[in-house]
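Data first, discussion second: the structure below is written as structure tokens.
The values are calculated or read from the model by the stated rules, or taken from the named source; none is laboratory data. Please read all numbers here as calculations on a predicted model, not as lab measurements. Glycine gets a Cβ as well: all are built from the backbone with ideal geometry, and neighbour counts include every protein chain shown. In case anyone asks, the SASA skips ligands and DNA or RNA and just uses the protein heavy atoms, side chains included. Shrake-Rupley method; radii C 1.70, N 1.55, O 1.52, S 1.80 Å.
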Amino acid sequence: MLQLIQTRVLSVVAWYHLAFFAISMAMFGLTVGAIWVYLRGERFTEKTLARDLSYFSGLFAVSILVCFAIQMSLTPLAPGANLTLSVIWTWLELSICMAVPYFFSGVAVSLALTRSPFPIGIVYGVDLIGAAAGCLGVLWLLTLTDGPSAIIWVAFFAAIGAWLFGSSTISDQEWAEVPGGRALRYPLILMAGFAVIALFNSNSQLGFQPLVVKDRVETYRTYNFREWNSFSRIASVDIGVKRPRLWGASPELPRNSAVHMRFMNIDGLAGSPAYKFSGDMNEVDFLRYDVTNIAYALPDRKKSAVIGVGGGRDVLSAALFGIEDITAVEINPIFIKLLRDKPGFKEFTGFSHLDNVTFEIDEGRSWFARTDQRFDIIQMSLIDTWAATGAGAFTLTENGLYTVEAWVTFLDKLTDNGVYTVSRWFSTGNADETGRMISLATAALLEIGATNPADHIFLANQGDCATLVLSRSPFSKADLAALHGISDDMKHRVMLAPDRDPADHSAALAGIIASPDREALLAITSGLELDLTPPDDNRPFFFNQLPLDRPLTAIKLARSLGSRDAADGVLGGNLAATATLIILFALALLLVIVAIIWPLRRAVGDAGRNVVIGGTAYFLLIGVGFMFLEIALLQRTSVVLGHPIYSLSVLLFSLILSTGIGSLISEAVPIDSRARFVAWGLLTAAYIGSLPYWAPDIFLAVSDGALIERAATCVAVIVPAGLLMGFAFPTGMRLISAIDERPTPWFWGINGAAGVLASIATVGNNIANGISSSLLVGAVCYLLLIPVVLIFLLREDSAAS
């Protein structure tokens, strides 16, 4: 639960893509805790087990609150964009602060595994089943309270664990004098204290909340509304009566235009303006001047849909242009509550005056896959802000709305003359997001059988914004006249149109839309300086245009950044995020060497050569293989389920539960012979290696299912892998212990270190080579276990017990 909620908090304080960082620090802390138990081996015995478990569980609970309070005061600027020693030091502080609670948890888990009278497979399995329950518990907890308060409730649950351990009769030795021992003897008092703090925190503006969000200082006076849920934190700022904020404002916008605005941000930055509206369309007439709304000038369009409601500006735009039937699809129920139900907000936004609007609380892609409705216009405008793009907010993040498969779904829900309109950021002189958008549009058109994609594409820009109007059928003369008419009236620049030559700087775009098939399109886009290949569900990283699969080109781009206009835009954000990934990997490597490798170096001093080489290779491979599979499936199921919190909860629940069950089964059906090990290794590698070849088709087939159906499908795909991988760790420990028990802590540490570093490396590999490649890496790791075990650890066909 702590790990999952930390990903939500990091998404607010920094960026979502740091979910891998939360996973990495959890692995690190747990491993260091296990190592500390090894180094203090004589201090812990079965006689003191109940007392020790209660004590360290209590420390786990207390450290959650203390470290989180410290974390709320730290200012983790993006190190890729602000590379100073102070920033790196802050990230090191954050790393240690996040890892400390896991250290105490790791001590408790290690003691339970190594000092209890129960078989290791049973203890390990029960522990993982508890962790799996926590994955689902997070979804429930985050519907009841905010992120910081949820972490305090986790401390409460940890204190319950301390109380239960203290009540155990497994040992009866009295408490020794240890630091904090007197206070920790009474976990019921801790539980009461944590409950009081959590309740106060969730019902007061004066509790623990982040002081710095996205590089900006916050206080409780910053917002007039703030609410968390499992999706995000939504906050509202009243900015008063000002000139309207438009994404691509026409120079024809009257100088005296003014409107009362509230800016509603998502996780501290990406957001949407909400305009005061009392039912008079003249109040929002300024929306006519935004380039994002040019599609509404098309004649005879009566039914539209909006993907991502936010503050409601796109819904108001549709109503302004006279659309008779409007469907608004929004995944986050907080936005709908604000627009429709929240006193003080519903009167401000005035949506009660629009009786032709239907709200759907659902993930956009899934809802469109399920609906039988057809629309004349589907609009998706800027699901972020320019500041977020420039900071690299989404560079490392998968997005299921910007893939070929998703756009084919949207095109399929259009009427015969319907259009799908998408707005993205535009940088003068650079293709970046606009080029990626045109590449994606071309691929989707080719996928539905369009013979000449150029006849279906109209692109106009204004300032930093470009709007694509993508027609299911070739544009008619009347439609083109309407689009040119509004573009001319508003002085928008037409960049691409079937009846005009490409505008300046559009030669590359013209080459893309001239592609006769997917192979030609891939050849053109993969040969450009930036990565403009059309993203698909295997590489759903639309926001990253840095060609990580071509390292030399990426380095060249980084060196030339200072002289480019994109330094503060898309490319600059891509480089900042990638540099962050590299720096965090370096910090993790430093922590691994200092806290894991160096302290354990003596553990293998007297062990035999075969044990050291074979055991190190074995636990390194299962650590890397498991993490490559976990992160790959995390990003792949995020596309299927529609939001990262769903994929985190479903994936970790399925993987942890099935791994735990596999561990339990390994006690009853041990892999204790060469033949059994070879069979298990081949079966595990075959299943994982086969996933890229059939799982995508399964996921696509259920894309029109309800969330519970899609989640069940993900579980069905994940569980067999987890069951098989659950055999790996206890089997390895039994193999090593049968030869020499002394170096087992070293191998435990190697396994943890491999997981820490692999969690970061997998993200980079997924972006560069696709999620399928990471699954194949995982399969190879498990396949290589066979020669490692046969050569070094199990030379004879005898029991490993």
Worksheet, complete the sentence: DSSP beta bridges in the chain: the antiparallel percent, rounded to 5, is 65
Worksheet item: Of the lysine pairs in the chain, how many meet both conditions: Cα atoms under 13 Å apart, and a spacing of 8 or more in sequence or different chains?
Response: 4
Worksheet item: By the gyration tensor of its Cα atoms, with a ≥ b ≥ c the square roots of the eigenvalues, what is the shape of the chain: rounded for a/c under 1.5, prolate for a/b over b/c, or oblate?
Response: prolate
Worksheet item: Longest exposed-loop-site-free stretch of the chain, with trypsin sites (Lys or Arg not before Pro), DSSP loop and at most 10 other Cβ within 10 Å?
Response: 256-801
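Leaving out ligands, DNA and RNA, and with a 1.4 Å probe, what % of the accessible surface on the chain is carbon or sulfur?
With neighbouring chains kept in place, the figure for the chain is 60 percent.
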Discussion item. I need the peptides 722-728, 85-91 ranked by packing, meaning the mean over residues of other C-beta atoms within 10 angstrom, with the highest value on top.
Written reply: 722-728, 85-91
Worksheet item: Per residue, how much accessible area does the chain have with a 1.4 Å probe, in Å²?
Response: 37
Discussion item. What's the ranking of 528-541, 618-631, 130-143 by average number of surrounding C-beta atoms within 10 Å, highest first?
Written reply: 618-631, 528-541, 130-143
Item to complete: Name the helices (complete DSSP H segments) of the chain with a Cα length along the long axis of 15 Å or more and a Kyte-Doolittle mean of at least 1.6, or state none.
Response: 19-39, 120-144, 147-166, 187-202, 570-592, 707-725, 771-788
Worksheet item: Along the positive direction of the dipole of the chain (beta-carbon charges: Lys, Arg +1; Asp, Glu -1; about the Cα centre), which of 664, 343, 371 reaches farthest?
Response: 664
